[in-house]
Amino acid sequence: MPKVYLMCGKICSGKTTHSNKLRKEHKAVVLSVDEITLALFGQDCGEKHDEYVERAEKYLFEKSVDIIETGTNVILDWGFWTKLERDYAKQFYSSKNIEYEFHYIEIADEEWHRRLEKRNQAVMDKKTSAYYVDEGLAEKFKSIFEIPAKEEIQVWVKQ
């Protein structure tokens, strides 16, 4: 029976790396909000960013059901930063009798800041199309992120 794997963790914590590992292990399709928004808008979403992210998530939830119905595993690689988002995903898939599994990528603050700096340099050098995250944005993301309770997560990965 196909399954949905949901990646939970801060930006730049290793979710995409973990997703790609799971993709190979479970022959899964990775669905990424960042991929869609960056492909369509680049770094220039501005004040519409949150609206675009919300629309992309809604689309990808529905698309994941289409993919699951083909018998293919799906990985949602977008963070599930709040308990409300995680609860929504649980309810969404439970109501459709789709098996799901949350993976939380835990990262120490020092390592997180190191990775943000490394990624930002790669963005500036045009070696990646990821989002550039300045200090203000990093602090905003950090303040929004709600560390999940152990009972919310099936797989806990420490970086």
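The values are calculated or read from the model by the stated rules, or taken from the named source; none is laboratory data. Just so it is clear, the model here is predicted, and its values are computed rather than measured. Backbone-built Cβ (ideal geometry, glycine too); neighbour counts: all protein chains shown. Only protein heavy atoms, including side chains, enter the accessible area calculation; ligands, DNA and RNA are left aside. Shrake-Rupley method; radii C 1.70, N 1.55, O 1.52, S 1.80 Å.
Here MET7 fulfils each of the conditions (1) of a type outside the set (D, E, K, R); (2) modelled with pLDDT of 95 or more; (3) out of contact with any Ser or Thr (no Cβ under 6 Å at 6 or more places or on another chain) apart from (3). Here PHE102 qualifies as open to solvent by less than 10 Å² (accessible area, probe 1.4 Å) and either in contact (Cβ under 8 Å) with a residue 24 or more places away in the chain or touching a Leu at 6+ places or on another chain (Cβ under 9 Å) (or both).
Just one of the listed residues (SER64, SER13) is assigned to a helix (DSSP H, G or I) and hydroxyl-bearing (Ser, Thr, Tyr), namely SER64. Does region 71-84 include one or more residues that are surrounded by 13 or more Cβ atoms within 10 Å (Cβ to Cβ) and in a helix (DSSP H, G or I)? Within region 71-84, one or more residues are surrounded by 13 or more Cβ atoms within 10 Å (Cβ to Cβ) and in a helix (DSSP H, G or I). With the condition kept exactly as written, say whether any residue in region 36-50 is under 25 Å from PHE145 (Cα atoms), modelled with pLDDT of 90 or more and of a type in the set (D, E, K, R). The answer is no, given that none of the residues of region 36-50 is under 25 Å from PHE145 (Cα atoms), modelled with pLDDT of 90 or more and of a type in the set (D, E, K, R). Out of everything in region 150-159 that is surrounded by 10 or more Cβ atoms within 10 Å (Cβ to Cβ) and free of Cβ contacts under 8 Å to residues at least 60 places away in the same chain, what residue ends up being farthest from LEU116 (Cα to Cα)? So, considering only residues that are surrounded by 10 or more Cβ atoms within 10 Å (Cβ to Cβ) and free of Cβ contacts under 8 Å to residues at least 60 places away in the same chain, the one farthest from LEU116 (Cα to Cα) is GLN154. Summed over region 25-34, the residues that are open to solvent by 90 Å² or more (accessible area, probe 1.4 Å) and in contact (Cβ under 8 Å) with a residue 12 or more places away in the chain give a count of 1.
Taking the stated definitions as given, is GLY42 of a type outside the set (D, E, K, R), at positive phi and open to solvent by 20 Å² or more (accessible area, probe 1.4 Å)? Considered against the rule, which asks whether it is of a type outside the set (D, E, K, R), at positive phi and open to solvent by 20 Å² or more (accessible area, probe 1.4 Å), GLY42 comes out as yes.
The single condition among (1) open to solvent by 70 Å² or more (accessible area, probe 1.4 Å); (2) within 18 Å of THR16 (Cα to Cα); (3) assigned to a loop (DSSP other than H, G, I, E, B) that THR128 does not satisfy is (1). Whether a residue is under 25 Å from TRP156 (Cβ atoms), exposed (fewer than 14 other Cβ atoms within 10 Å of the Cβ), among the polar types (S, T, N, Q) and touching a strand residue (DSSP E or B) at 6+ places or on another chain (Cβ under 9 Å) was assessed, and SER94 passes this test. Per this entry, ILE68 is not counted among residues that are touching a helix residue (DSSP H, G or I) at 6+ places or on another chain (Cβ under 6 Å), in contact (Cβ under 8 Å) with a residue 60 or more places away in the chain and crowded, with 17+ Cβ neighbours inside 10 Å.
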